[in-house]
Amino acid sequence: MEINFPFSTSRQNPSLMLPTPPTFTKMASMAFPVVQSPRNSTPIFSSNKEQTQNWNALKFVRGKKLLKDLSTWGIGGPCNYFVQVFHQTHLLSAIRYCREFSIPYVVIGKGSNCLFDDLGFDGCVLLNQIDFLERMEPGVYRAGSGFRFNHLGSLSCNEGFTGLEFAAGIPGTVGGATYMNAGANGQETANVIESVDIVTTEGNFRTLNRIDLTFGYRSSSFQDMDNLAAIVAATFRLERSGSAKKRQQELLKRRRATQPVNERSAGSVFRNPVNLGVSAAELIDKAGLKGCSIGGAMVTNIHANFLVNNGASTSQDMLNLIALVKDKVDSKFGVQLEEEVLYFHPYWNYANWER
């Protein structure tokens with residue numbers, strides 16, 4: 001997954017060949033509180049005929065790209081605009097397009113940490129396909145933000161370097177792992193980052209060295225950067241190790257035995273509580289919630305911190321199940337769980353952001 005939260009401009013839209021969306025001042029996808037999805041509304045875009053618009057060699061598709069196809073949860077309606085970017089120049093052009101016409105936008109990768117609404121998203125979804133890989137020197141890899149993080153983990157271990165053994169089990173992108181500081185089994189992305197290339201909302205490219213960045217448990221400086229448009233690439237420095245591949249194989253074997261790898265999930269839904277010595281999964285399990293379901297959403301019996309789509313879950317089913325789990329754990333243990341997953345309201349505006 002890759003998620004970046006930009007500003008959109010507030011100037012009036014000029015006349016377009018296609019219908020224009022409302023103006024938004026600022027857009028973001030916030031971690032919960034869970035909100036009630038507007039159930040009595042119709043999908044964002046319901047035209048039966050696909051509309052496209054070409055702009056600076058980019059093809060913007062109107063209203064026909066379903067977000068469920070871009071999310072590992074398999075939930076979500078159509079987005080108003082959709083475009084794929086394969087190079088940083090494409091990314092910059094797409095951002096400029098959205099700023100030019102006051103369209104809120106979000107950049108995503110594998111969608112492995114996203115809950116989209118069934119109504120869709122009244123903005124532009126930029127699908128990050130910047131997936132290059134450069135070997136700068138032995139053990140130093142520079143990867144595009146759309147490069148598969150699990151592939152980088154496997155490749156680096158196969159070449160005899162340690163630091164990303166855990167990454168082979170993370171179904172996201174380099175950009176998403178960097179943004180969220182993904183981690184598992186005692187390792188974190190931040191431990192091996194040397195630098196990160198970004199593009200700002202003003203259209204400037206910058207390189208941030210590790211000393212310029214702050215990371216925490218599932219958090220990074222990028223989550224607080226008001227002028228961040230997107231992560232473009234990241235450079236990782238790893239140490240040589242003769243046991244990295246073996247350790248990675250052991251971690252993958254454990255993952256297959258303890259996680260619902262063949263079901264539609266978003267990975268761990270809740271962050272582990274800090275300084276309690278107990279995981280979110282343990283709390284959910286002890287609250288008796290394994291197997292609990294609402295509609296097509298269910299707390300899996302394999303791992304209590306994984307909520308799965310059984311094939312017919314709506315976004316509201318998943319929102320309600322998340323709220324139920326939080327309420328039960330709080331009532332039983334006095335612990336307020338916080339989500340790792342990000343919910344995208346279909347109509348983000350300044351009021352949503354401030355809330």
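The values are calculated or read from the model by the stated rules, or taken from the named source; none is laboratory data. Every value quoted in this text rests on a predicted model; they were computed, and no experiment measured them. Ideal geometry is used to build each Cβ from the backbone, glycine not excepted, and the neighbour counts take in all protein chains shown. Only protein heavy atoms, including side chains, enter the accessible area calculation; ligands, DNA and RNA are left aside. Shrake-Rupley method; radii C 1.70, N 1.55, O 1.52, S 1.80 Å.
Per this entry, Ala168 is counted among residues that are in contact with a Cys (Cβ under 8 Å, 6 or more places away or on another chain) and outside any strand (DSSP E or B).
Just wondering, is there one or more residues in region 223-230 that are modelled with pLDDT of 95 or more and touching a helix residue (DSSP H, G or I) at 6+ places or on another chain (Cβ under 8 Å)? Talk me through it step by step, then tell me what you get.
Within region 223-230, the first condition is being modelled with pLDDT of 95 or more, and the residues that meet it are none.
Looking through region 223-230, none of the residues is modelled with pLDDT of 95 or more and touching a helix residue (DSSP H, G or I) at 6+ places or on another chain (Cβ under 8 Å).
Number of residues in region 121-143 that are touching a Ser or Thr at 6+ places or on another chain (Cβ under 9 Å) and surrounded by fewer than 19 Cβ atoms within 10 Å (Cβ to Cβ): the value is 5. The residues of region 215-240 that are assigned to a loop (DSSP other than H, G, I, E, B), within 24 Å of Arg271 (Cβ to Cβ) and not aromatic (Phe, Trp, Tyr), listed by number, are Arg218, Met225, Asp226. Residues of region 304-333 that are surrounded by 21 or more Cβ atoms within 10 Å (Cβ to Cβ) and not in a helix (DSSP H, G or I): Ala304, Asn305, Phe306, Leu307, Val308, Asn309, Ser313.
Scanning region 252-287 for residues that are touching a residue at least 12 places away in the same chain (Cβ under 8 Å), β-branched (Val, Ile, Thr) and open to solvent by 50 Å² or more (accessible area, probe 1.4 Å) yields Thr258, Val274. Within the option set Gly153, Gly176, Gly203, Gly146, being in a loop (DSSP other than H, G, I, E, B) and either open to solvent by less than 10 Å² (accessible area, probe 1.4 Å) or out of contact with any helix residue (DSSP H, G or I) (no Cβ under 9 Å at 6 or more places or on another chain) (or both) holds for one residue only, Gly146. Considering only residues of region 51-91 that are closer than 20 Å to Pro171 by Cβ and in contact with a Ser or Thr (Cβ under 9 Å, 6 or more places away or on another chain), which is most open to solvent (accessible area, probe 1.4 Å)? So, considering only residues that are closer than 20 Å to Pro171 by Cβ and in contact with a Ser or Thr (Cβ under 9 Å, 6 or more places away or on another chain), the one most open to solvent (accessible area, probe 1.4 Å) is Thr72. Check whether at least one residue in region 128-146 is closer than 28 Å to Pro346 by Cβ, touching a residue at least 40 places away in the same chain (Cβ under 8 Å) and hydrophobic (A, V, I, L, M, F, W, C), and report yes or no. The answer is yes, given that some residue of region 128-146 is closer than 28 Å to Pro346 by Cβ, touching a residue at least 40 places away in the same chain (Cβ under 8 Å) and hydrophobic (A, V, I, L, M, F, W, C). No other residue among Leu307, Leu289, Leu276, Leu321 is of a type in the set (A, V, I, L, M, F, W, C), more than 23 Å from the chain's Cα centre (by Cα) and within 27 Å of Ala177 (Cβ to Cβ) apart from Leu276. Those residues that are touching a helix residue (DSSP H, G or I) at 6+ places or on another chain (Cβ under 7 Å) and in a strand (DSSP E or B), I need them from region 185-200; list them, please. Listed by number, the residues that qualify are Gln187, Ile193, Glu194, Ser195, Val196, Val199.
Return a yes/no flag: does region 130-141 have any residue that is closer than 19 Å to Val107 by Cβ, assigned to a loop (DSSP other than H, G, I, E, B), charged (D, E, K, R) and more than 14 Å from the chain's Cα centre (by Cα). Yes.
Of all residues in region 92-104, none are within 14 Å of the chain's Cα centre (by Cα) and either at pLDDT 50 or above or surrounded by fewer than 14 Cβ atoms within 10 Å (Cβ to Cβ) (or both).
Scan region 239-250 for residues that are closer than 28 Å to Leu307 by Cβ and buried (at least 18 other Cβ atoms within 10 Å of the Cβ) and jot them down. Passing the criteria: only Gln248.
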